[in-house]
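Taking it in order: structure first as structure tokens, then the write-up.
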Amino acid sequence: MIKLTQRVSGIAPSMTLAMSARSAEMKAAGEKVINFGVGEPDFDTPKNIVDAAKEAMDKGYTKYVAAAGLPALKKAVCAKLLRDNGLEYEPSQIVISNGGKHAILNAVAAVVEEGDEVIIPSPYWLTYPEVVRFFGGVPKYVETSRENGFKLTPEQLEEAITPKTSMLIFNSPCNPTGAVYSEDEIRALAEVCVRHGLCVLSDEMYEKLVYDGLSHFSIAQASPEMKELTIIVNGVSKSYAMTGWRLGYLAAPAHVAKAIGSFQSHATSNVNTITQYAALEALRGDQQTVADMCAAFAERRLKMMEVLDGYKDIGLDYVKPEGAFYVMLIVDKFYGKKSEGKMICGSMGFAMQLLAEQKVAATPGVCFGDDSCIRLSYALSMEEMVEGLGRIREFCLSLK
Ligand code: PLP
């Protein structure tokens with residue numbers, strides 16, 4: 001039998017993908033499952049982007065390109081960072097990777113040494129700790145509070161930093177909580193990071209999905225010193241409904257981008273060339289489709305909150321999300337109750353029973369480091385969403 005390395009044998013499979021797979025199986029078997037587990041926009045990739053890919057193929061742009069990305073695309077990323085974030089980068093500071101996930105892996109590989117501590121505010125996106133551990137790092141979770149909208153405070157950050165800390169993984173807008181940090185909140189965190197010379201991996205994948213007139217602020221904008229300590233990760237998956245195309249990017253100080261480019265040149269070489277041409281159109285073309293998608297999510301978010309506000313009397317509560325397309329529904333009041341003779345144990349038990357009995361898929365909060373919640377995505381139609389929320393209510397009322 002082949003003996004596995006310690007490095008890979010401890011990695012947990014992505015639970016969000018596992019839940020989606022289970023609900024897809026049930027759907028395929030003809031069951032009317034409502035899936036709140038989705039982690040991707042339910043919109044088609046805009047036509048101009050698809051057309052750009054077709055054109056690239058017709059023109060024969062189907063060969064290898066530079067490992068760190070098509071020069072024109074790196075330029076387009078620089079133009080985007082200037083246009084949307086007021087940040088100046090050179091193409092040599094950009095690496096195009098196979099999705100934001102790959103960019104995160106690259107960034108951690110470049111900065112985290114064996115035994116280093118990496119601060120991860122909790123609840124967190126479940127990939128962060130797995131990637132950190134893969135490179136021998138030690139995730140150091142900092143619990144955020146519901147009362148503070150699941151946001152890390154400068155005091156908490158200060159307290160978590162030790163001589164072994166090499167990185168903070170910061171995610172605004174946040175998956176799973178929907179938290180969006182304000183400019184002031186980010187500036188206060190940046191002050192602590194600069195004082196300690198702490199590198200920040202800033203995951204800005206949901207940048208375009210913010211509501212109520214809020215705007216996204218990148219921690220790299222806080223000061224030139226902070227920019228020198230920041231690795232921005234972003235991509236086209238969520239903003240342009242391009243999850244299956246697999247393209248993300250990072251922007252970093254030149255020496256970091258150079259090292260990551262070399263690493264990637266041996267690991268994967270360039271991202272699919274056709275996808276890179278499609279992403280070029282996404283970044284440079286008409287941005288109206290992004291605004292339209294955001295408006296649709298904004299409407300669903302309001303409806304979701306309106307319906308959930310009506311469930312407070314039965315013990316369901318939530319923390320108001322300000323961005324991304326997720327809400328954390330607090331369900332721990334139901335733990336210990338019974339459903340069809342089975343005791344509900346934690347968020348996993350709650351989600352499993354909910355799926356079995358009401359055919360509603362949701363992601364257990366334990367996957368994100370918060371066992372008191374389940375995560376509901378509103379990347380599904382309004383009708384399905386309302387129907388699904390009604391089923392969750394039914395399920396809760398049935399618990400004895
Ligand atoms: N960062 C966060 C917070 C995410 O939720 C995701 C995807 O779910 C990613 C990064 C990775 O995105 P991609 O599909 O581009 O790899």
Exercise. Taking segment 358-382, which residues are in contact with a Lys or Arg (Cβ under 9 Å, 6 or more places away or on another chain) and in a helix (DSSP H, G or I)?
Worked result: Q358, G365, C367, F368, M382
Problem set entry | Inter-residue pairs, beta-carbon under 7 Å, first assigned by TED's automatic domain parsing to the domain that holds P129 and in segment 92-104, second away from the ligand (no atom under 11 Å from the Cβ) and among the hydroxyl-bearing types (S, T, Y), 6+ apart | N98/T268
For this session: Kindly check whether there is at least one residue in segment 296-319 that is buried (at least 20 other Cβ atoms within 10 Å of the Cβ) and in a strand (DSSP E or B).
Result: yes
Seminar exercise, completed: Over segment 174-185, the set of residues more than 13 Å from the ligand (Cβ to nearest atom) and either touching a residue at least 40 places away in the same chain (Cβ under 8 Å) or surrounded by fewer than 23 Cβ atoms within 10 Å (Cβ to Cβ) (or both) is S182, E183, D184, E185
For this session: Report whether or not E204 is surrounded by fewer than 23 Cβ atoms within 10 Å (Cβ to Cβ) and not assigned by TED's automatic domain parsing to the domain that holds G39.
Result: no
For this session: Pull up segment 233-257, narrow it to residues that are of a type outside the set (V, I, T) and more than 14 Å from the ligand (Cβ to nearest atom), then point me to the one that is nearest to R301 (Cα to Cα).
Result: A251
For this session: For Q287, work out the one condition from (1) crowded, with 19+ Cβ neighbours inside 10 Å; (2) under 17 Å from S237 (Cα atoms) it doesn't fulfil.
Result: (1)
Problem set entry | In segment 233-283, residue surrounded by the most Cβ atoms within 10 Å (Cβ to Cβ) [restricted to those that are charged (D, E, K, R) and within 19 Å of G39 (Cβ to Cβ)] | K238
For this session: Answer yes or no: is there a residue in segment 210-232 that is within 11 Å of the ligand (Cβ to nearest atom), aliphatic (A, V, I, L, M) and surrounded by 24 or more Cβ atoms within 10 Å (Cβ to Cβ).
Result: no
For this session: Determine the pairs where a residue that is in contact (Cβ under 8 Å) with a residue 60 or more places away in the chain, located within segment 186-202, has a partner that is among the hydroxyl-bearing types (S, T, Y) with Cβ atoms under 6 Å apart, the partner being 6 or more residues away or on another chain.
Result: none
Problem set entry | Candidates M205, M293 - the one that is of a type in the set (A, V, I, L, M), within 11 Å of the ligand (Cβ to nearest atom), out of contact with any Leu (no Cβ under 6 Å at 6 or more places or on another chain) and not in a strand (DSSP E or B) | M205
Exercise. Could we say that L82 is under 22 Å from the mean Cα position of the chain (by Cα) and either under 25 Å from P139 (Cα atoms) or away from the ligand (no atom under 16 Å from the Cβ) (or both) here?
Worked result: no
Seminar exercise, completed: Pairs returned, first residue in segment 231-253 that is closer than 23 Å to L198 by Cβ and among the β-branched types (V, I, T), second residue that is near the ligand (Cβ under 9 Å from one of its atoms) and part of a loop (DSSP other than H, G, I, E, B), beta-carbon separation under 8 angstrom, 6 or more apart or interchain, are I232/E204; V233/E204; V233/M205
Exercise. Here is a list of conditions, (1) within 16 Å of the ligand (Cβ to nearest atom); (2) assigned to a helix (DSSP H, G or I); (3) of a type outside the set (A, V, I, L, M), and K151 meets all of them except one; can you say which number that is?
Worked result: (2)
Exercise. Only one residue in V77, V50, V108, V118 is away from the ligand (no atom under 16 Å from the Cβ), in contact (Cβ under 8 Å) with a residue 40 or more places away in the chain and β-branched (V, I, T), so which one is that?
Worked result: V50
Exercise. If you check I274, I260, which single one turns out to be within 16 Å of the ligand (Cβ to nearest atom), in contact (Cβ under 8 Å) with a residue 12 or more places away in the chain and not in a loop (DSSP other than H, G, I, E, B)?
Worked result: I260
Seminar exercise, completed: Restricting segment 208-225 to residues that are within 29 Å of P163 (Cβ to Cβ) and outside any helix (DSSP H, G or I), the one nearest to the chain's Cα centre (by Cα) turns out to be S218
Problem set entry | Selected residue (only one of L380, L376 is within 16 Å of the ligand (Cβ to nearest atom) and modelled with pLDDT of 95 or more) | L376
For this session: Could you tell me whether any residue of segment 177-198 is in a strand (DSSP E or B) and of a type outside the set (A, V, I, L, M)?
Result: no
For this session: Could you give me the residue pairs with C-beta distances under 7 Å whose first residue belongs to segment 296-325 and is over 30 Å from K400 (Cα atoms) and assigned by TED's automatic domain parsing to the domain that holds R393, whose second residue is of a type in the set (A, V, I, L, M, F, W, C) and assigned to a strand (DSSP E or B) wherever it lies, and which are 6+ apart or on separate chains?
Result: E322/V210; G323/V210
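The values are calculated or read from the model by the stated rules, or taken from the named source; none is laboratory data. What you see is a predicted model; the values in this text were computed from it and never measured. As a convention, Cβ positions derive from the backbone with ideal geometry for all residues, glycine included, and neighbour counts pool all protein chains shown.
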